[in-house]
Amino acid sequence: MKEYPNIMLLSGTGRNVGKTSFVCRLLKHFHEQTITTVKVSPHWHEVKQGRILMHDPGKLMLVQENDAESNKDTSRMLRCGAREVFYLQHTSDEALLKGFHYLMTGRKSPEPMIIETAILGKYISPALHFRITRIDAEPSTKKVIDVPIDELIHFNGRDFDLSPSSINWEDNKWIYRKGPVSGE
């Protein structure tokens with residue numbers, strides 16, 4: 001598996017568990033960095049805005065978000081300071097990889113990226129992978145992808161039990177320092 005020290009994966013144990021909220025906290029914490037974020041979805045949705053970079057109807061669509069004013073998660077990421085935000089929807093692992101490779105083509109390798117997905121962890125070796133679960137959520141029927149994680153983060157609807165200050169961007173790679181951490 002190819003290593004990507006500049007990529008942090010964030011996944012969840014279901015929907016609405018706080019993935020995008022944690023991404024936004026990271027973006028605010030690392031406000032001096034130019035971070036690119038990618039939201040990945042294996043479910044097909046009609047995309048009504050954004051610059052379409054790749055489209056294979058019913059299989060793959062890669063869209064660059066350009067509207068910071070909507071209520072979409074990708075717009076929230078722009079408002080929180082992401083330099084670029086992409087939405088990648090796919091209906092197969094093959095389509096996901098095609099979109100990912102297209103997105104990575106021509107990028108500077110050490111550029112920090114945060115990608116909301118677990119499935120990509122089957123094919124690449126990211127610097128970090130955090131999985132988020134919501135304490136008060138109903139049990140999910142979502143199948144959890146069996147890929148290594150660095151930490152399971154618990155979210156109570158307001159706070160996370162892992163502070164962004166325990167994560168660093170050093171020497172062109174993401175680093176996580178486990179253990180007690182003071183507040184943000």
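Read-outs: derived from the displayed coordinates by stated rules, not from any lab. Treat the numbers as computed from the prediction; the structure is a model and nothing was measured. Cβ atoms come from the backbone with ideal geometry, glycine included; neighbour counts cover every protein chain shown.
A few comments on the model shown:
- Nearest 10 degrees, 0 to 90: helix 93-104 Cα axis against the chain principal axis: 80 degrees
- Cα-centred dipole magnitude for region 2-176, charges only on beta-carbon of K, R (+1) and D, E (-1), debye, nearest 20: 300 debye
- Taking the empirical scaling 2.2 N^0.38 Å for compact globular proteins as reference, region 74-120 has a Cα radius of gyration ratio of 1.22.
- The residues neighbouring Ala95, those whose beta-carbon lies less than 15 Å from its own, together hold a net charge of 0 under the Lys/Arg +1, Asp/Glu -1 convention.
- You can think of it this way: the chain between Asn71 and Asp93 has 5.1 nm of extra reach, that is 0.36 nm per residue less the Cα-Cα gap.
- Long-range HN-HN contacts of Phe155 with modeled amide H, under 5 Å: Thr133, Arg134, Ile135
- Intensity falloff of region 36-126 expressed as log10 I(q)/I(0), Debye formula with alpha-carbon point scatterers, at q = 0.17, 0.24, 0.25 Å⁻¹: -0.69, -1.37, -1.46
- Rounded to the nearest Hz, the phi-derived 3J(HN,Hα) couplings of region 166-172 under the Karplus curve 6.51 cos²θ - 1.76 cosθ + 1.60 (θ = phi - 60°) are 8, 10, 10, 10, 9, 6, 6, where x marks glycine and proline.
- Residue-averaged 222 nm ellipticity for the chain, from DSSP H runs of 4+ at -39500 (n - 2.57), nearest 500: -5000 deg cm²/dmol
- Computed E for Ser41/Asp171 - FRET, C-beta separation, R0 41 angstrom, nearest 0.05: 0.80
- Among Lys178, Lys98, sorting on how many other beta-carbon atoms sit within 10 Å of each Cβ, with the fewest leading, yields Lys178, Lys98.
- When His31, His90, His154 are arranged by Cβ crowding within 10 Å, least crowded first, meaning fewest neighbours, the order is His31, His154, His90.
- With the largest listed first and rounded to whole Å, the semi-axes of the equivalent ellipsoid of the chain from the Cα gyration tensor are 24, 19, 17.
- Candidates Gly121, Asn71, Ser166 compared by Cα position along the dipole of the chain: farthest toward the positive end lies Asn71, with charges placed on Cβ.
- Normalised contact order of the chain, rounded percent, pairs of Cα under 8 Å and 6 or more residues apart: 32 percent
- Each part gets one Cα centre, and for region 1-23 versus region 112-136 those centres are 3 Å apart.
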